[in-house]
Amino acid sequence: MADMEDLRDGKDFGLDRPQDKGGFIVKGNANGDWGIKRRLSRLFNPDTGRTVMLAFDHGYMQGPTSGLERIDLTIVPLAQYADVLMCTRGVLRSLIPPTLNVPVALRATAGASVLTEMSNEAVSVAMEDAVRLDACALAAQIYIGAEFEHQSIMNISKLINEGLRFGIPTLAVTGVGKEMARNARYFGLATRIAAEIGSHYVKSYFVEEGFESICAGCPVPIVIAGGKKLPEQDALDMAYRAVDQGAAGVDMGRNIFQADDPVAMIQAVSRVVHELEKPQRAYEFYNDLKAQSRAA
Ligand code: R5P
């Protein structure tokens, strides 16, 4: 075991020397096998190496939260503008048309709700079913510092082991318990552990201080969650700063589907992520689209 008496925070993240991607669009994945790279090439836009994932898996734990009461009415119209859909298999089969050719990151754990200890999850989807659903990624929370930390690390490990048998990458989602600090030290720890155990990419949160170091210290891509609903311009600003500081895109839910005009918002987010459009311009684009849809 490492000497626990001299744990030092990392200082030199080599921010002026980006990690060599080894000729593949997805950082840290150049040595994956063909099926893994094939799926990652669907999850990440080959031209930009970035992605706009639309997350609407919240119901597996939260029930019909605002904006997700009727996924057929609120999410299906947005889906064509996303690079990836992140959802449960229940919603996928019930409500998402199989003719929609957008890759899926499949929520692969369950076992808790907002009424209980959220970290008490287990792998809930059989790999055969993930294959049957044409999943491009398997997604689960890693709860560092939570009551069921060990179990969540083992869940991710199991998904990685099983996913590798079928060429399906795993997305580790840094779950934040109610009591946990949301700072660079915490997310640097959680994202690095997720990558070290073999996750192909990691979902985390943007933080004001030290986000660039979190991305640099994680050898695979980081995509950011949107978190709680912000004013649209602020959400676009957060997406811009995240990508500018090293994120490979977003896995955004509430800041898209709870926006005043979700269809306009996802297109504005996409401009920021793929074209590095400045937040002010992206917000003007959002307002133009919103005005057009109201006039129609
Ligand atoms: C959590 O239950 C899920 O992984 C969500 O997909 C995640 O929190 C992202 O959604 P939001 O952008 O709303 O935070």
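The values are calculated or read from the model by the stated rules, or taken from the named source; none is laboratory data. Since the model is a prediction, treat every value here as computed from it, not as a measurement. For neighbour counting, all protein chains shown are included, and Cβ atoms are generated from backbone atoms with ideal geometry for every residue, glycine included.
Can you tell me which of (1) buried (at least 19 other Cβ atoms within 10 Å of the Cβ); (2) charged (D, E, K, R); (3) touching a residue at least 40 places away in the same chain (Cβ under 8 Å); (4) away from the ligand (no atom under 16 Å from the Cβ) is the one GLU277 doesn't meet? (3) is the only condition that GLU277 fails. Pairing residues of region 244-272 that are more than 26 Å from PRO219 (Cβ to Cβ) and among the hydrophobic types (A, V, I, L, M, F, W, C) with residues that are part of a helix (DSSP H, G or I) and near the ligand (Cβ under 8 Å from one of its atoms), at Cβ distances under 7 Å and at least 6 apart in sequence or on separate chains, gives MET265/ILE256; ILE266/ILE256.
Across region 209-252, the qualifying residues are those that are out of contact with any Asp or Glu (no Cβ under 6 Å at 6 or more places or on another chain), in a loop (DSSP other than H, G, I, E, B) and within 22 Å of GLN19 (Cα to Cα), and the one among them that is nearest to the ligand (Cβ to nearest atom) is ALA247.
Would you tally the residues in region 123-151 being farther than 20 Å from VAL202 by Cβ and either modelled with pLDDT of 95 or more or surrounded by 15 or more Cβ atoms within 10 Å (Cβ to Cβ) (or both)? Walk me through it before giving the result.
Applying the first criterion (farther than 20 Å from VAL202 by Cβ) to region 123-151 yields 124, 126-129, 131-134, 147.
Going one step further and asking which of them are either modelled with pLDDT of 95 or more or surrounded by 15 or more Cβ atoms within 10 Å (Cβ to Cβ) (or both), we end up with 124, 126-129, 131-134.
Summing the residues that are farther than 20 Å from VAL202 by Cβ and either modelled with pLDDT of 95 or more or surrounded by 15 or more Cβ atoms within 10 Å (Cβ to Cβ) (or both) in region 123-151 gives 9.
For region 40-87, the tally of residues that are in a loop (DSSP other than H, G, I, E, B), within 16 Å of the ligand (Cβ to nearest atom) and in contact with a strand residue (DSSP E or B) (Cβ under 6 Å, 6 or more places away or on another chain) stands at 4. What number of residues in region 227-257 are of a type outside the set (D, E, K, R), out of contact with any helix residue (DSSP H, G or I) (no Cβ under 7 Å at 6 or more places or on another chain) and buried (at least 19 other Cβ atoms within 10 Å of the Cβ)? Going through region 227-257 one residue at a time, the tally reaches 3.
Among the conditions (1) β-branched (Val, Ile, Thr); (2) away from the ligand (no atom under 14 Å from the Cβ); (3) touching a residue at least 40 places away in the same chain (Cβ under 8 Å); (4) surrounded by 24 or more Cβ atoms within 10 Å (Cβ to Cβ), the only one that VAL173 does not satisfy is (2). Residues of region 69-94 being crowded, with 16+ Cβ neighbours inside 10 Å, out of contact with any Lys or Arg (no Cβ under 7 Å at 6 or more places or on another chain) and more than 19 Å from HIS200 (Cα to Cα), which ones? Residues satisfying the conditions are ILE71, THR74, ILE75, LEU78, ALA79, TYR81, ALA82, ARG89, VAL91, LEU92.
Annotation note: Cβ proximity below 6 Å between a residue of region 180-193 that is over 18 Å from GLY227 (Cα atoms) and charged (D, E, K, R) and a residue that is modelled with pLDDT of 95 or more and surrounded by 18 or more Cβ atoms within 10 Å (Cβ to Cβ) (sequence gap 6+ or interchain) occurs for ARG192/GLY217; ARG192/CYS218.
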